[in-house]
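The values are calculated or read from the model by the stated rules, or taken from the named source; none is laboratory data. Keep in mind that what you see is a predicted model, and the values were worked out from it rather than measured. When we count neighbours, we look across all protein chains shown, and the Cβ atoms used for this are built from the backbone with ideal geometry, even at glycine. When the accessible area is computed, the model is the full protein with side chains, heavy atoms only, and any ligands, DNA or RNA have been set aside. Shrake-Rupley method; radii C 1.70, N 1.55, O 1.52, S 1.80 Å.
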Amino acid sequence: MHPDLQSQLLEEIVSRYPRKSDAVEEISEILKIAKDAVYRRLRGDTLLAPSELSDLARAFNVSLDALIFEQSNTFFFTYNAFSVGAASFEDYLQGFINELEMAQQQPLQQFYYASAELPLFHTLFFPELISFKLYLWGRTLLDFDYLKELKFDFRIIPPDILRVTERMLRIYIDLPGVELWSPSVIDHTLNEIEYHISTGSFQQPKDALMLYDKLEALSHHIQKMARYGKKFPLNADPEGAVGGSFQLFHNEMVYTNNTALAGIKEGQVLFTTLGNPNFMRSTDPRICSYMEGWFKRVMNKSVPISEHNERDREWFFNRIRKKIAFSRRRMEVELGWE
């Protein structure tokens, strides 16, 4: 192993502690070696064994690739589709829960989220909406054979899976967040409903109208969270509810894939979709720092619609509800229910 890599890794670890002796004690415990052996490695008198290098990188969430390629434009991501065998909805959702719990267990500085479509986390507020979303993913992107010939109804996702989504929602509500939306955020979901109505994919066509009802109710709930500047469950008293902060920004011109940036004690973690709903993950400080700057630049050119900005908030959510109503009327005509 090149000694420069060792010194870079150890310098990064030591920099996270107020005193060098604290870092030495932690390294000693992780590597199961004496403190004087740690000092020899800090001075470069002894090289870290490959297993020690790996143990430290994992324990402190340091990307060795980032240290090696720090002067290049090469960035390293992990891809959840390679590490999670999605044989069932439980398998797939567990990957989301693992990431959310990791953020929840540490002092979270901020959770930025930008999306061109209705964020998955918000569909969790209504079992009907997340059931429809999971049905779509299971039939197409996750390729579950048993769903391919089944039409949608609200019983198709079993209660144990919905309990998992409730757990995800509780964690999401706890996390402080900044979200960046455009009015087109609802379009993709409306297109999905319209497509499945047109192709006869609902067991009971009136269930499609229920989805419109839930989308409208969700828009009112998100608007209320934006008004109070914090997240809370449905039907909770906003004044007394305990939840993470919720800052919502509106921008007409920015379109992006689903991108999230979480700031935690060990650094930052970037998530971006690739083959939605699968996502790539990186802790490379260079790309995370760049994306933090991107979020802040876009936010500076966006309209805040949380808390005190009632006029723009009303306009934004009224526009979303008009889209929902227009789609519903068009589908009622198609179904002959006008």
Legend entry - Simple spin-label estimate for T256 and S54 in nanometres, 7 Å along Cα-Cβ: 3.5 nm
Inset, instruction - Quick one, can you get me the convex hull of the C-alpha atoms of segment 208-301 expressed as volume per residue in Å³? - result: 151 Å³
Inset, instruction - Quantify, in whole percent, the carbon and sulfur part of the accessible surface of segment 200-329 (1.4 Å probe; protein heavy atoms only). - result: 52 percent
Inset, instruction - Just need log10 I(q)/I(0) for segment 179-235 at q = 0.18, 0.19 Å⁻¹, Debye formula, equal scatterers on the alpha-carbon atoms, no solvent, rounded to two decimals. - result: -0.73, -0.78
Legend entry - Debye log10 I(q)/I(0) at q = 0.09, 0.10, 0.16, 0.21 Å⁻¹ for segment 136-253, Cα point scatterers: -0.33, -0.41, -0.99, -1.29
Legend entry - Whole-number percent relative contact order across segment 1-57, with pairs defined as alpha carbons under 8 Å at least 6 apart: 41 percent
Legend entry - Simple spin-label estimate for W315 and S15 in nanometres, 7 Å along Cα-Cβ: 4.4 nm
Legend entry - For the chain, with +1 on Lys and Arg beta carbons and -1 on Asp and Glu, the positive-most of V303, S198, L9 along the dipole: V303
Legend entry - segment 222-338 - charge dipole about Cα centre, Lys and Arg +1 at Cβ, Asp and Glu -1, debye rounded to 20: 180 debye
Inset, instruction - Considering the options L142, I156, Y112, tell which one lies farthest towards the positive end of the dipole of segment 95-172, charges being +1 on Lys and Arg and -1 on Asp and Glu at the Cβ, about the Cα centre. - result: I156
Legend entry - N98 paired with R329, simple spin-label distance in nm, labels 7 Å along Cα-to-beta-carbon: 4.8 nm
Inset, instruction - Evaluate the Debye formula for segment 3-61 with equal point scatterers sitting on the alpha carbons, no solvent, and hand back log10 of I(q)/I(0) at q = 0.21, 0.23, 0.25, 0.29 Å⁻¹, in q order, two decimals. - result: -0.73, -0.90, -1.10, -1.58
Inset, instruction - Roll a 1.4 Å probe over the protein chains and send me the accessible area per residue for the chain in Å². - result: 50 Å²
Inset, instruction - At most 14 other Cβ atoms within 10 Å plus a DSSP loop assignment makes a site exposed; report the longest stretch of the chain without any exposed trypsin sites (Lys or Arg not before Pro). - result: 33-147
Inset, instruction - Might you report the magnitude of the Cβ-based charge dipole of the chain about its Cα centre, with Lys and Arg at +1 and Asp and Glu at -1, to the nearest 20 debye? - result: 640 debye
Inset, instruction - In debye, nearest 20, what is the charge dipole magnitude of segment 144-278 about its Cα centre with +1 on Lys and Arg Cβ and -1 on Asp and Glu Cβ, if you could check? - result: 320 debye
Inset, instruction - Would you mind telling me the antiparallel percentage of the DSSP bridges in the chain, rounded to 5? - result: 70 percent
Inset, instruction - Keeping the other protein chains in place, figure out the carbon and sulfur percent of the accessible area of segment 1-61, with a 1.4 Å probe. - result: 49 percent
